[in-house]
Every structure is written in structure tokens, then in C-alpha cells.
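**Student:** Sharing a structure below in C-alpha cells format, with a few things to ask.
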Amino acid sequence: MLNHFLSTTTTIKQIPITMKTANVFNDESKVATATDAVYDWDSFKFAPIRESQVSRAMTKRYFADLDKYAESDIVIVGAGSSGLTAAYILAKSRPDLKIAIVEANVAVGGGCFLGGQLFSSMVLRKPADTFIKELGIDYEDEGNFIVVKHAALFITKLCSKVLELPNVKLFNATCVEDLITRKTSEGGIRVAGVVTNWTLVSMHHDDQSCMDPNTINSKLIISCTGHDGPMGAFCVKRLVSQGYIKRNQMGCLDMNLAEDSIVKNTREVFPGLIVAGMELSECDSSNRMGPTFGAMVLSGVKAAEEALNVYDL
Ligand code: 48N
């Protein structure tokens, strides 16, 4: 590739390069990578395909996943920093569990693609550096806290590690728009799954003819839907609307108080529902912490531990 670039560029200094030439399309034994392949751009052609093959390749797999995860062991609502951390810990420590992640946005990350405002570096207070080390991400050590050079580096590395695990399925651009509940033998109520729809449909139920939802049954929901955004704190707000729990809104910013209480209070807030990350502040009135993410990460770790300790999964 570089050869081609060099051969057509007179201004670039000729860099001596050794390129393994491999006919990347015909000689299977020598399938080169993009950096060492030499493409003959003049006669370049992709292998032929029919559009229906692409459609079937996508839909066959998606519907197989819908079928497989229609009964999940755990559903994690929200693929922000706390939700993805919980998914990583659970899926890695319990490869026997089926874990569905439902994320309303097309993209994962929630508030964690930037460090804060429009600044990209991400601050995590110790001991959250333990998780960054686990992911193998470089950081700068500033004593009581560490700095990852870009928040997107953290969340994309975490997401790729989660999606590489065979027992996880991310349903993105899909929103949890209600909860499945069941009466318990003691006469109470427990959460027993989620009700989902395409996010664009969920956001327009009032201005289009009804499009009914889909469902995922599961033993446990871990809700990490944050405090912000069009559906922030969804599961807490849904239980509040039914009068099952009280609503105590997020408190003002106090970094030290906020991070300690979010991690300490990560727990099952209702039978069948563990809440983690900033959604918790919407039921405990914890302070907000602003642009520091250590509590999100360790809240996700704690939610995973609570799930394994409290539930017979
Ligand atoms: O990043 P968030 O919003 O949530 P957390 O708790 O993982 O991290 C919170 C963190 O980013 C902060 O808020 C920082 C620390 N700031 C604090 C402060 O003081 O301001 O991710 C939540 C995810 C998002 O990706 C949403 O799209 C998604 O949840 N989501 C949903 N997904 C599916 N169904 C829903 N109903 C839903 N609601 C939100």
C-alpha cells in the first residue's frame, strides 16, 4: 500500500521498504495484512457478492442472537462506563452466563467519550487504576489519581474486550422502555426482564401509530442508565412511577462524597434489579462527581460482585 502511495507521490522522500508481495485475493496461503499487501489498483476488484447475501449474513445472525438471548441470565441496561465494566467482570468470571446488554444509542459509551465538557483526557481516582491495568491501557500516574489520554480510548478498549467474549450480546440502538415484573410468593413484586424497542420508536410513541415492543426474560437486571440523556435513570424512574420505590434526585457536585457513596451504595435496590453508576444517584440522592470516572468503573465491578453473591445464577 505504501509502495503505491510512494510510486504516485514525488514529494515524499523514498523510504527503503521491504514489502512481501502477496496476491491478497487469490493466494490463500499468503493472505497478507493491509500493511504488507501490494494492491494492483489498476486491476483492483473485490470478490463478487449479491446484496441479498449481505442481508442474509446480517439478519440470520441477528435473529439467532434474538432467539438465544430471549432468555438471558442477566440483562445490563446501558453501555456506559459502569454498564460495560459490569458486563466485562461478569462475562469474564462466568462464561456459562448469557449476558445481554441493551443500549439505547447506536454508539456505546454514554458520558464516557469525553473526560468532561469537551476535554478528552479522562481522570480516574485510585484505586480505579486497578481496572485500567486489567484492560492494559496506558495512563499517567498523578499520585492520587491517573489520567488516560482520551476517554474514548478507555471505553472503546473496554467495549472491544466485552464484545470479544462469547457469552455477551450487545443490542444497541435498542431501548428498554419498560420492565417485566412478576408477583412473588410473598405477595410482593420482582423484576423479571425488560421490554425493548428500537430507540427511535420508543422516542416517538406519541407521534406514530403504536409499534409494540419485544421482550427479554432474565433472572436479574443491572441498570446503569446514568442520570443524563433522554432516558437517564430509566429503571429507577419506572419503579418510582409505579410507587415501588421513592425518588430522591441527584445531589449537587461533591467529588469526594459522590464517588465514595456511589460505589458503597451499588446494590439491589428492588428484587431483581441492581442499580449501578450514576443512575443510583437518582434513587439515593447521592451527589454528582463531575468529570471523574473511578466510581463508574468500581460501581460496575461491585454490581457484578453483588450479582454473583446475591443471585443463584
Ligand atoms: O455514561 P452513562 O450516562 O452512565 P454511567 O452511570 O455508566 O456513567 C455516568 C458518567 O458518565 C457520568 O455521568 C459522569 C461521571 N458524570 C457525573 C456528573 O456529575 O455529571 O451511560 C448510560 C447509558 C447511555 O449510553 C444511555 O444511552 C443508556 O445508558 N441508556 C439506555 N439504554 C437502554 N435503555 C434505556 N432506557 C436507557 N437509558 C439510558
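**Student:** Mean separation of Cα pairs under 8 Å and 6+ residues apart, divided by the residue count of region 153-252: what relative contact order is that in percent? Please list the in-between numbers first.
**Tutor:** Details: 104 pairs, mean separation 18.6, N = 100.
Value for region 153-252: 19 percent.
**Student:** Using θ = phi - 60° and the Karplus relation 6.51 cos²θ - 1.76 cosθ + 1.60, list the HN-Hα couplings for region 155-169 in order, rounded to whole Hz, with x at every Gly or Pro.
**Tutor:** So the Karplus estimates, Gly and Pro as x, are 6, 6, 5, 4, 5, 5, 5, 5, 6, 6, 6, x, 10, 10, 10 Hz.
**Student:** Hand me the GluC sites (Glu not before Pro) from region 86-173 located in a DSSP loop with no more than 15 other Cβ atoms within 10 Å, in residue order please. Please list the in-between numbers first.
**Tutor:** Working: sites: Glu103, Glu134, Glu140, Glu142, Glu164; in loops: Glu142.
Here the GluC sites (Glu not before Pro) that fit, given the DSSP loop and packing criteria, are Glu142.
**Student:** Tabulate in residue order the Karplus-calculated ³J(HN,Hα) for region 174-188, using 6.51 cos²θ - 1.76 cosθ + 1.60 with θ = phi - 60°, rounded to whole Hz; enter x for Gly and Pro.
**Tutor:** Once rounded to whole Hz, the list reads 10, 10, 7, 10, 5, 10, 8, 10, 9, 6, 9, 4, 7, x, x.
**Student:** I would also like to ask the following. Between the helical axis of 255-265 and the dominant principal axis of the chain, each derived from Cα atoms, what acute angle in degrees is found, rounded to the nearest 10?
**Tutor:** 70 degrees
**Student:** Using Cα atoms only, what is the angle between the long axis of helix 51-69 and the major principal axis of the chain, expressed in degrees (0 to 90) to the nearest 10?
**Tutor:** Relative to the chain, helix 51-69 is tipped by roughly 30 degrees.
**Student:** Report the accessible area of Arg247, computed with a 1.4 Å probe over the heavy atoms of all protein chains in place, in Å² rounded to the nearest 10.
**Tutor:** 80 Å²
**Student:** Using a Gaussian network for the chain with springs between C-alpha atoms less than 10 Å apart, which of these wobbles most: Ser43, Ser185, Ser299?
**Tutor:** Highest fluctuation of the listed residues: Ser43.
**Student:** Now, a different point. Could you give the angle, 0 to 90 degrees to the nearest 10, between helix 294-310's Cα long axis and the longest principal axis of the Cα atoms of the chain?
**Tutor:** Between the helix axis and the principal axis of the chain, the angle is about 60 degrees.
**Student:** What does the convex hull of the alpha-carbon atoms of the chain project to on average, in nm²?
**Tutor:** Values: hull surface 89.7 nm².
Result: a mean projected hull area of 22.4 nm².
**Student:** Fully extended, how many nm does the chain gain between Trp198 and Ser43 (0.36 nm per residue separation, minus their Cα-Cα distance)? Display every interim value, and only then the final one.
**Tutor:** Values: separation 155, 0.36 × 155 = 55.80 nm, distance 4.23 nm.
Using 0.36 nm per residue and subtracting the Cα-Cα distance, I get 51.6 nm.
**Student:** Hey, quick one: spin label on Asp96, modelled 7 Å out along Cα-Cβ, who in region 281-313 has an amide N within reach, i.e. under 19 Å?
**Tutor:** Hits in region 281-313 for Asp96 at 19 Å: 304-313.
**Student:** Please give the net charge around Lys161, taking every other residue with its beta carbon less than 12 angstrom from that of Lys161, where Lys and Arg add +1 and Asp and Glu add -1. Let's see the in-between values first.
**Tutor:** Values: positive: Lys92, Lys157; negative: Glu134, Glu164.
Counting the neighbours of Lys161, the net charge comes to 0.
**Student:** Next question, about the same structure. Which of Val75, Val297, Val148 moves the most in a Gaussian network model of the chain with Cα springs under 10 Å?
**Tutor:** In this elastic network of the chain, the residue with the biggest mean-square fluctuation among Val75, Val297, Val148 is Val148.
**Student:** For a quick check, take a GNM of the chain with Cα springs below 10 Å and name the residue from Pro48, Pro95, Pro291 with the largest mean-square fluctuation.
**Tutor:** Looking only at Pro48, Pro95, Pro291, the biggest GNM fluctuation is shown by Pro48.
**Student:** Further question: Could you work out what % of the accessible surface of the chain is carbon and sulfur, using a 1.4 angstrom probe and leaving DNA, RNA and ligands out of the count? Don't skip to the end; give the middle numbers.
**Tutor:** On the way: 9370 of 16900 Å².
About 55 percent, which is the carbon plus sulfur part of the accessible surface.
The values are calculated or read from the model by the stated rules, or taken from the named source; none is laboratory data. Small disclaimer: the values here were computed from a predicted structure and weren't measured. For neighbour counting, all protein chains shown are included, and Cβ atoms are generated from backbone atoms with ideal geometry for every residue, glycine included. Note: areas computed on protein heavy atoms with side chains; ligands, DNA, RNA excluded. Shrake-Rupley method; radii C 1.70, N 1.55, O 1.52, S 1.80 Å.
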